[in-house]
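All remarks here apply to the structure that follows.
The values are calculated or read from the model by the stated rules, or taken from the named source; none is laboratory data. It should be emphasised that the depicted structure is a prediction, and the values quoted were computed from it without experimental measurement. Backbone-built Cβ (ideal geometry, glycine too); neighbour counts: all protein chains shown. Accessible surface areas use protein heavy atoms only, side chains included; no ligands, DNA or RNA. Shrake-Rupley method; radii C 1.70, N 1.55, O 1.52, S 1.80 Å.
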Amino acid sequence: MKTESHFAFFDEGSKKEIRRAILKAVAIPGYQVPFASREMPIARGWGTGGLQITLSIIGKTDVLKVIDQGADESVNAVSIKKLVNSTTGVKLVERTQDASIIQSRHRIPEVPLTEDQILVLQVPQPEPLRKVEAREYITKILHSEDDYSGAWLMLFEQIMKYGKTSTGADHPVYVNNRYVMAPSPIPRFDNPKMHQSDALILLGAGREKKIYAVPPYTDVKSLAFDDYPFSVESFAGKHCHLCGATEVFMDELIDTETSETIYQCNDTSYCMDRLNENEEAEVKGNYV
Amino acid sequence: MAIDQVHDLQLVFRKLLHSMSHPGSISSFPEMADRVDFDLSCSDTTLLCAMALLDAEVTFHILSKDNQNLIGKIAEYTLAKYAPIQEADFVIVLQDDKESDILNAMDQCKIGNLINPQQSSTWIIENTRLSNDGVLKLTGPGIKSHAHLETGFPSVLWYSRNERTKEYPLGIDLIFTDNDGQLVCVPRTTTVEITEVK
C-alpha cells in the first residue's frame with residue numbers, strides 16, 4: 001500500500017517547533033537548543049537531526065544536495081535524498097554550486113559556499129564536554145558559566161600523551177567568543193571553513209535532541225594553546241590520482257595492482273567537476 | 001485567495017531565518033501579504049509571522065488591553081494561548097501602542113536564564129517604515145562589516161533593548177514588520193549603536 005505523505009513528511013506542528021528552535025539557535029550562536037526530536041523512518045544516529053532540519057526548512061523551489069563523508073553516492077546520502085525527494089519533489093543535484101540546501105555528514109564541501117546557501121550538518125554528539133562530564137544537567141551549568149576547562153584538559157592530555165592534539169575530527173571550537181561547540185565530526189581541515197563563513201550553518205543532533213547554529217560572518221576559533229597552535233591535516237606534496245588536485249582533503253587508498261599508497265579527493269562532486277573541466281580542455285586542445 | 005498553511009508559511013519562515021541570520025537585512029513577501037484576507041487590527045505581515053511561529057505549545061502577549069478581538073482571533077487561528085508579559089514566549093507590539101507601555105513590557109519580559117537562554121521572549125514589532133537607510137548601526141554575527149537600519153522604533157526603546165541584552169546570552173530577539181510585507185530581525189547578538197550621521 002502506498003499512501004500520500006504530507007509535504008516534507010512532517011506535520012505542520014512538528015515543523016513549527018523545529019523552526020522555532022532553529023531561530024533561537026541562530027540568535028544564540030553555538031548554544032545547543034533542545035528540541036523534541038521526532039521519530040524518523042531512519043534510525044537515530046544516522047542523520048535524523050540533519051534530516052529534521054532539512055525537512056523543516058525546505059520549500060518547493062529549493063535544490064538539495066546530500067553528502068556523506070564527501071560522497072554524493074554513499075548509502076546514507078542516497079537514502080536521505082530519496083526520502084526528501086519523494087515527500088517534497090525538490091530537485092536533487094550533486095554540484096555544490098547548484099544547491100540551495102546542502103545536508104552533509106562529516107565534511108564541508110571544497111567549493112566555498114555562498115550567502116544564499118544553507119549547510120545542514122548531521123551531528124552524532126553535540127556536547128563537546130560529554131567526554132569529561134556524563135551528566136547533561138552539569139554540562140548545561142558548565143556552558144552557562146563559560147567553564148570549558150574540561151575541553152582544554154582533554155586537549156592538554158592529548159599533548160601529554162602524543163606530543164600534539166590528536167583529535168581526528170570534531171575538534172572543538174569557540175563560537176562568537178562565548179560557547180564551545182562540537183563542529184560535528186568534520187576533519188580539522190574543515191574547521192577554518194566555519195570561520196566567517198558566507199553560508200548559514202545549521203547543526204542537528206536527532207538522538208541527542210539538540211539543534212545549534214553558526215550564522216554567517218561569525219567568529220569560529222578552534223581551541224588551541226599558544227605553544228601548540230591549531231593545525232589542519234597536511235596533504236603537502238600529495239595530489240589526487242584522478243584529477244590531480246592539491247590542497248584539498250584527500251582519502252588515502254592502496255592501489256590494488258602496485259600496492260602503492262595513492263590519494264584521491266574526498267569530495268566526489270569537486271573531483272568530478274575537475275575531471276569534466278579537464279576533459280573539455282583536452283577535447284578543445286585536440287580539435288580546435 | 002487565502003493563505004496556504006504549508007507553502008506560504010514555509011516561505012515566511014525562510015524569510016525570517018534569512019533575516020535572523022543576517023540582522024538588518026530586509027526580507028519581503030509583498031505578493032503574499034496582499035493575499036491575506038483577514039480583517040484584523042494588526043498588519044498582514046505581523047499576522048503571517050504569528051501564523052508561522054505560534055502554535056499550542058507557546059504563549060503570546062499583546063500590550064494593549066482593548067484588543068480582545070485580536071487576542072481572540074490570534075488564539076483561534078494559531079491555538080497559542082494568551083499570557084501575561086512575564087510569561088509570554090512571543091510579544092506582539094502594534095503600531096498604536098504607547099512608548100511607555102512598550103518600555104514597561106520590555107522591563108518585564110522573559111530574557112531566559114543562563115542555563116536555558118532560549119527561554120526568552122521573541123518580539124514581533126509593527127512598524128510604519130523599514131529601510132536600510134537609517135541612523136542605527138548594527139554589528140555582530142551575521143553582519144559582514146556593519147549594516148544600517150531605520151525602524152521607526154524610538155531611541156529610548158533601543159536603549160532599553162540594549163540594556164536587556166547586555167548580559168549575553170540572555171536577551172530578546174526582535175522581528176520588525178511593516179505594512180508592505182517586509183520584515184527585518186535584530187537578534188540579541190547584534191550590537192545596536194545610534195549614530196547621528198550615516
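Under a 5 Å amide H cut-off, with hydrogens placed 1.01 Å from N, A:Ala213 pairs with A:Gly30, A:Tyr31, A:Leu203 among residues at least 5 apart or on other chains. Apolar share of the accessible surface for chain A: 52 percent from carbon plus sulfur atoms, 1.4 Å probe. In straight-distance terms, cross-link reach from A:Lys24 covers every one of the lysines whose alpha-carbon lies under 22 Å from its own, apart from those fewer than eight places away in the same chain; here that gives A:Lys15, A:Lys16, A:Lys140, A:Lys209, A:Lys210, A:Lys221, B:Lys15, B:Lys81, B:Lys110, B:Lys144, B:Lys166.
In terms of overall dimensions, segment A:12-222 has a Cα radius of gyration and Dmax of 16.6, 52 angstrom. Note on segment A:35-82: semi-axes of the ellipsoid equivalent to its C-alpha gyration tensor, largest first and rounded to whole Å, are 17, 16, 8. Taking the Cα centre of segment A:111-179 as reference, the dipole from Cβ charges on Lys and Arg (+1) and Asp and Glu (-1) amounts to some 320 debye.
Helix by helix through chain B, keep the DSSP H runs that span 20 Å or more along the axis on Cα and average at least 0.0 on Kyte-Doolittle, and give those back in order. Working shown, then result.
Details: long enough: B:7-21 (21 Å, 0.05).
Sorted by number, the helices that extend far enough and score high enough are B:7-21.
A convex hull fitted around the alpha carbon atoms of segment A:1-125 yields 118 Å³ per residue. Taking the solvent-accessible surface of protein heavy atoms with a 1.4 Å probe, what is the per residue accessible area of segment A:135-288 in Å²? Value returned for segment A:135-288: 52 Å² of accessible area per residue. Which of the three applies to segment B:62-112, rounded, prolate or oblate, going by the alpha-carbon gyration tensor with a ≥ b ≥ c and a/c under 1.5 meaning rounded? The shape class here is oblate. Per the accessible-area calculation with a 1.4 Å probe, the total area buried between chain A and chain B rounds to 3300 Å².
Here the protein assembly as shown carries DSSP beta bridges of which approximately 55% are antiparallel, counting only pairs with both residues inside. Expressed as a fraction of 2.2 N^0.38 Å, the C-alpha radius of gyration for the protein assembly as shown is 1.03.
When the trypsin sites (Lys or Arg not before Pro) in segment A:13-76 are filtered for DSSP coil states and for at most 14 other beta-carbon atoms within 10 Å of their beta-carbon, the remaining sites are A:Lys60. Once the Cβ-Cβ distance between A:Ile262 and A:Asp98 is put in as r, and R0 is 35 Å, what FRET efficiency do you end up with, to the nearest 0.05? Once the sixth-power term is evaluated, E becomes 0.75. Spacing of the modelled spin labels on B:Asn132 and A:Leu153, each 7 Å from Cα toward Cβ, amounts to 4.8 nm. Checking every one of the trypsin sites (Lys or Arg not before Pro) in segment A:138-217 against DSSP loop status and a limit of 15 other Cβ atoms within 10 Å picks out A:Lys164. Its Cα gyration tensor gives segment A:234-288 an equivalent ellipsoid; the semi-axes, largest first and in whole Å, are 24, 14, 10. Could you tell me whether segment A:129-203 comes out rounded, prolate or oblate from its Cα gyration tensor? Rule is a ≥ b ≥ c as square roots of the eigenvalues, rounded for a/c under 1.5, then prolate if a/b exceeds b/c, otherwise oblate. Taking the square roots of the gyration eigenvalues as a ≥ b ≥ c, segment A:129-203 is oblate. Here the protein assembly as shown is assigned +1 on the Cβ of each Lys and Arg and -1 on the Cβ of each Asp and Glu. Its dipole about the Cα centre then comes out at about 940 debye. For the peptide A:175-181, the mean number of other protein chain Cβ atoms found within 10 angstrom of a residue's Cβ is 2. Label positions at A:Lys221 and B:Ile194, each projected 7 Å from the Cα along the C-beta direction, are separated by 3.2 nm.
Inter-chain neighbour count for B:17-27: the average number of beta-carbon atoms from partner chains within 10 Å of each residue's beta-carbon is 5.
With both residues required to sit in segment A:12-222, DSSP beta bridges show an antiparallel share near 50%. Coordinate range of the alpha-carbon atoms in chain B per principal axis, descending: 43, 34, 31 Å.
Taking every residue in A:26-38 and counting other chain Cβ atoms within 10 Å of its Cβ, the average works out to 5. Relative contact order of chain A: 21 percent, from C-alpha pairs under 8 Å at least 6 residues apart in sequence. When the Cα convex hull of segment A:155-272 is projected onto planes of every orientation, the mean area is 10.1 nm². Over all projection directions, the Cα-based convex hull of segment A:1-72 averages an area of 6.5 nm².
For segment B:1-92, a Kirkwood hydrodynamic radius built from all Cα pairs, placed in the Stokes-Einstein relation at 4 °C and 1.567 mPa s, yields a translational diffusion coefficient of 93 µm²/s. Under the simplified labelling scheme, the A:Ser166-B:Glu76 pair shows an inter-label distance of 6.7 nm, with each label point 7 Å from Cα along Cα→Cβ.
Among the GluC sites (Glu not before Pro) found in segment A:182-288, those both in a DSSP coil and sparsely packed, with 13 or fewer other Cβ atoms within 10 Å of their Cβ, are A:Glu233, A:Glu247, A:Glu257, A:Glu260. For segment B:177-193, heavy-atom accessible area (probe 1.4 Å) falls by no less than 20 Å² from the chain alone to the full protein assembly at B:Arg188, B:Thr189.
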